[in-house]
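Laboratory data are not the source of any read-out in this text; all were calculated from the coordinates shown. Source: prediction; values computed, not measured. Quick reminder, even Gly has a Cβ in these numbers, built from the backbone with ideal geometry, and neighbours come from all protein chains shown.
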Amino acid sequence: MKSPALAALAGMSLLASPVTAQGGSADPAFSADRFKATVGFLADDLLEGRDTGSPGHAIAAAYVASRFAELGLKPAGDNGSFLQQVTLQQTDPGANPAMVTVSGSGLAEQSWKHATDVLVGLNGNEPKLDISAALVFVGYGIANKRLGLNDYAGLDVKGKIVVTLRGFPKGLPSEEAAHLSATKRQVAQDHGAIGLVSIGTILSMKTRPWERMLGSADKPDFSWVGADGKAFDEAPKIRITATLNEPVAQAIFAGAPQTLAAIRALADKTGGKPKGFALKTRIRIQSESLTRRVTSPNVVALLPGSDPMLKNEYVVLSGHLDHIGINSSRPGDPPGKDRINNGALDNAAGVATMLEVARAAASAADRPRRSIIFLASTGEEKGLLGADYYARHPSVPIGAIVGNVDLDMPLLLYPFTDVTAFGADHSTLGPIVSQAVTPMGVKLSPDPMPQESIFVRSDHYMFVKQGVPAVFLATGFANGGEAAWEKFLGPKGAYHHPDDDMNQTIDWQQGARFSEANYRIMRAMADADTVPLWYAKDFFGDIFAPRAAKAPRP
Ligand SMILES: [Zn+2]
């Protein structure tokens, strides 16, 4: 899972009839032991946290390719191999730390260095950047006709830097909100702005405290490089972004017609939409960057469908293989401190799920009717880059990809009895998923943590953006899930931390159950007479697949 920019029926599966994929073999279709073995290899210290472009990730890719070959799957990468090489541009901070200076409104000029009370984004296309501009507060910075939102109404932001609140208005449907929140740069670009700086709301600062955000201060920025040799950017006219902590936020609001406190109080109310206005201050942002190119593979395999007609349609099962590598050492670290982010749950567990599903599908007496593409993606933690690259450079025509199931960070720490299916409300995948998991005694629940914007934080979102109905299951809040999720994502949690390793109390039987759930969903998508369809007038279907056939919303 990418960082933002995620019935008391325990043991029910033992009673529910298992899916038999082995035609009478005693070998279970979904094995807790095999699941554990896969995770154990991928999360070993030897792989050094599988960072994109690292030898550890390359070893993981070779391992997954070997497992695909063992299952008799066909290579679907470059030139008859299982690997699809993706060129990535890595942008690092330059020699001089970035600087933010605020002036105007009778203030004494104040400056902050990167990683103190400001985090300045990197621009890979401008190695030395020095921008000074007027500031316009634009509320949450969201504009969407269908939802009746336009934070830019009546504001002139041309050539200016916009100031947005982080997050989105309370009460919006969570997946739409996550999408709107993730596309603020594009909206700012559409309105003519040249930069975007963000400030916290009370809720966003609680969800992601500044100390935690500072953890990404020395991280490089990545984008994939296209055939034109350019680093891909959906909002290239937004030349600079920055995230501001309290003292800087207070400084830019000096002399403003409303106080930040009043704006924040309104922002946290349900439906609260603070209105924008021109600020009386200016900001200057200086930033230097260095770029280099790295190559890292997606691993792609194909299981041809059994139906002579339907085999030309494809269901993509994706899960990211990369993780975040090794933490840099910091002054004062105790000797021997564990710095390897093993990523056992994020996302060795998702890849293990994929391999269990692939094994069950490849060895089933009745093979799936449609073809299945298995994609172990790279660069997910860097911004869903491998999946974005694949969805824009697929090994089969994108129009022939009828659906995507994404596997990311299943929290296998308790016997889950419910799941959240991100994306399921927008297409016929909703009823497909619900019917598929019901025989396991698993129930579908609404998103219990909308503030985490999980819908846009994993690879399936990149398929949605290419018009493909997609779904991504997270284990739910019931039966101990709430406490487990809060602990995992919380300040002392294992999420994106060296503690996400094999020393966690992982319930491997849940890995087998999670594999079975996703196998059932994949089969339902692959075997039905009709392909998954977006619902008529759906938010995402209308944006990304305007001409596709639609199903009436039940
Ligand atoms: Zn992650």
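A simple charge model with +1 on the Cβ of Lys and Arg, -1 on the Cβ of Asp and Glu and nothing else charged puts the dipole of the range 221-366 at about 1000 debye relative to its Cα centre. DSSP assigns beta bridges within the chain; of those with both partners inside it, close to 60 percent run antiparallel. Taking other C-beta atoms within 10 Å as the exposure proxy, HIS393, HIS57, HIS320 rank HIS393, HIS57, HIS320 from fewest upward. Backbone geometry of the range 299-316 corresponds, through the Karplus equation with coefficients 6.51, -1.76 and 1.60 at θ = phi - 60°, to 3J(HN,Hα) couplings of 10, 10, 9, 10, 10, x, x, 8, 8, x, 8, 6, 5, 8, 10, 10, 9, 9 Hz, x marking Gly and Pro. A simple packing score, the average count of other Cβ atoms within 10 Å per residue, orders the peptides 63-72, 366-375, 196-205 as 366-375, 196-205, 63-72, with the highest score first. Computed over the range 91-291, the alpha-carbon pair-distance distribution with 5 angstrom bins reads 1, 8, 16, 20, 21, 18, 10, 5, 1, 0, each value a whole percent. The value of relative contact order for the range 313-398, using C-alpha pairs under 8 Å at least six residues apart, is 42 percent. Across the range 84-90, coupling constants 3J(HN,Hα) worked out from phi with the 6.51/-1.76/1.60 Karplus curve, θ = phi - 60°, read 10, 6, 10, 8, 10, 9, 9 Hz, and Gly and Pro carry x. Of the cross-linked pairs LYS74/LYS550; LYS230/LYS337; LYS145/LYS170, those separated by over 29 Å at the C-alpha level are LYS74/LYS550; LYS230/LYS337. Computed from backbone phi with θ = phi - 60° and the Karplus coefficients 6.51, -1.76 and 1.60, the 3J(HN,Hα) list for the range 438-448 is 4, x, 8, x, 9, 10, 7, 10, x, 3, x Hz; x is used for glycine and proline. Using the Cβ of PHE477 as centre and a radius below 14 Å, the other residues enclosed give a net charge of -3, where K and R count +1 and D and E count -1.
As a length-normalised measure over Cα pairs under 8 Å and 6 or more apart, the relative contact order of the range 91-291 settles at 41 percent. In terms of overall dimensions, the C-alpha atoms belonging to the range 396-479 reach 41, 29, 19 Å along their principal axes, ordered largest to smallest.
Be a star and scan the range 166-192 for residues whose amide nitrogen sits under 11 Å from the point 7 Å along the Cα-to-Cβ vector of LEU147. Output list for this probe position: 167-184.
Ordered by the number of other Cβ atoms lying within 10 Å of each residue's own Cβ, fewest first, MET99, MET309, MET522 fall into the sequence MET309, MET99, MET522.
When the pairs LYS206/LYS273; LYS128/LYS219; LYS443/LYS465; LYS184/LYS206; LYS36/LYS465 are compared against a 24 Å limit on Cα-Cα distance, LYS443/LYS465; LYS36/LYS465 fall above it.
Take each peptide in 357-365, 101-109, 440-448, 378-386, count the other Cβ atoms within 10 Å of every residue, and average; sorted highest first, the result is 378-386, 357-365, 440-448, 101-109. Taking only DSSP H segments of four or more residues, each worth -39500 (n - 2.57), what value at 222 nm results for the chain once the sum is divided by all its residues, to the nearest 500 deg cm²/dmol? Value at 222 nm, helices only, nearest 500: -7500 deg cm²/dmol. Highest mean first, the peptides 336-348, 399-411 sorted by other C-beta atoms within 10 Å per residue fall in the order 399-411, 336-348.
D by Stokes-Einstein for the chain, Kirkwood Rh over Cα pairs, 20 °C, 1.002 mPa s: 89 µm²/s.
Under 5 Å from the amide H of SER198 lie the amide H atoms of THR164, ALA242, THR243, LEU244, each residue being 5 or more positions distant or on a separate chain, with H modelled from the backbone and absent for Pro and chain starts.
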